[in-house]
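Engineer: Please see the structure below; I have some questions.
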Amino acid sequence: MDDELNRDSSDLSSPTRGQGAKIIPLSEGSFTIDKTKLFIPFNETKDVLNERPVGSLLVEIQPFLVITSKDILLLDTGLGFNNNQGQLQIHENIKTTGYQPEQITKVLLSHLHKDHAGGVGNPHKEAFEGGDILNFPNARYYVQRREFDFAWQKGFPSFMPEEIEPLLHSHQVHFLHDDEGVIEDYIFYQHTGAHSPHHQVFWIKEEGEIIFFGGDDAPQLQQMKIKYKTKYDFDADKAMNLRMLWWEQGNKEGWQFLFYHDFKTPVYGPLSPGGGT
Ligand SMILES: [Zn+2]
């Protein structure tokens, strides 16, 4: 028994840990959102949740960098807000990690709600030499075509047409049309239509490791653990059932879950004890 325990604890700190893909959450901070669908910054030290409108949700906004042996992936693009210096926050956050926005090779988009797609396009074309219209000038963007058409038609307040319009005009965009498929042999996507009518989720599979990005179909750890039906999902039953299915299968297979709206546990899985990175 003692041997067993020793082996377990040494496994946790063994050099093999972290040799797979590197996962870096890019937090843009905490926000409240209510039925106006506006994201209002929330400072935990000075703001009081009860003073926000009834029904306000407190959420983190958190795209992810995933560095695999083949790519530097960006999963969703955040709100697209600027910092005090007028620089895109997501650019600043990426640079803080030691990477450059120009190094991103693929952008995977779960859906186009403004807290996920706000950072896709470049509102100031001159910000990049050569006038790239997307914020990650060397990346291929993977977007579900039906989601784009829906967002374009539906518009404000859930979607911001002017922010996603650059997707229509860029050779960098690769529209996905199928219900499921594979990108370069190791990234798997599936159209779910749960949180939004054409939401999609991704599995990144490399060297026996499975990283799962469920976007807003699976936004927070807490929602995975309980049978939880939300008020805001397009197909709330489907979203709930998918979460239960993924949670069961993912734990069995040792997935690394990435939670876009979770401030406590952005990454959950066997390689991230305590939810760290
Ligand atoms: Zn969201």
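The values are calculated or read from the model by the stated rules, or taken from the named source; none is laboratory data. Predicted model only: the values in this text are computed from it and were never measured. Reconstructed Cβ throughout: ideal geometry from the backbone, glycine too, with neighbour counts over all protein chains shown.
Engineer: From (1) among the polar types (S, T, N, Q); (2) within 28 Å of R146 (Cα to Cα); (3) more than 16 Å from the ligand (Cβ to nearest atom), pick out the condition that doesn't hold for S110.
Structural biologist: Failed condition: (3).
Engineer: May I ask you to list pairs of residues, at least six apart or on different chains, whose Cβ atoms are under 9 Å apart, with the first in the stretch 187-210 being at negative phi and the second being of a type in the set (S, T, Y) and outside any loop (DSSP other than H, G, I, E, B)?
Structural biologist: Correct list of pairs: I187/Y142; Y189/Y142; Q200/Y142; Q200/Y189; V201/Y189; F202/Y142; F202/Y189; W203/Y189.
Engineer: Only one of these is of a type in the set (A, V, I, L, M, F, W, C), farther than 30 Å from K154 by Cβ and in contact (Cβ under 8 Å) with a residue 12 or more places away in the chain: I61, I94, I40, I67. Name it.
Structural biologist: Working: I61 fails: farther than 30 Å from K154 by Cβ; I94 fails: farther than 30 Å from K154 by Cβ; I40 fails: farther than 30 Å from K154 by Cβ.
Of the residues listed, the single one that is of a type in the set (A, V, I, L, M, F, W, C), farther than 30 Å from K154 by Cβ and in contact (Cβ under 8 Å) with a residue 12 or more places away in the chain is I67.
Engineer: Would you pick out the residues in the stretch 46-93 that are modelled with pLDDT under 95, among the charged types (D, E, K, R) and crowded, with 20+ Cβ neighbours inside 10 Å?
Structural biologist: Correct list: E60 only.
Engineer: Mind checking whether some residue in the stretch 188-199 is aromatic (F, W, Y), modelled with pLDDT of 95 or more and away from the ligand (no atom under 16 Å from the Cβ)? Steps first, please.
Structural biologist: If we filter the stretch 188-199 for residues that are aromatic (F, W, Y), which is where we start, we get 188-189.
Going one step further and asking which of them are modelled with pLDDT of 95 or more, we end up with 188-189.
Applying the additional criterion that residues be away from the ligand (no atom under 16 Å from the Cβ) yields 188-189.
Within the stretch 188-199 (the criterion being aromatic (F, W, Y), modelled with pLDDT of 95 or more and away from the ligand (no atom under 16 Å from the Cβ)), the answer is yes, since at least one residue qualifies.
Engineer: Next question. Hey, which of the strands (runs of 3 or more DSSP E) in the stretch 169-246, taking only ones fully inside, have at least 3 residues that are surrounded by fewer than 17 Cβ atoms within 10 Å (Cβ to Cβ)?
Structural biologist: Working: elements: 173-176, 180-183, 187-191, 200-206, 209-213.
By residue number, 180-183.
Engineer: Would you confirm whether or not the stretch 243-254 contains a residue that is closer than 26 Å to F39 by Cβ and touching a helix residue (DSSP H, G or I) at 6+ places or on another chain (Cβ under 6 Å)?
Structural biologist: Checking the stretch 243-254: at least one residue is closer than 26 Å to F39 by Cβ and touching a helix residue (DSSP H, G or I) at 6+ places or on another chain (Cβ under 6 Å).
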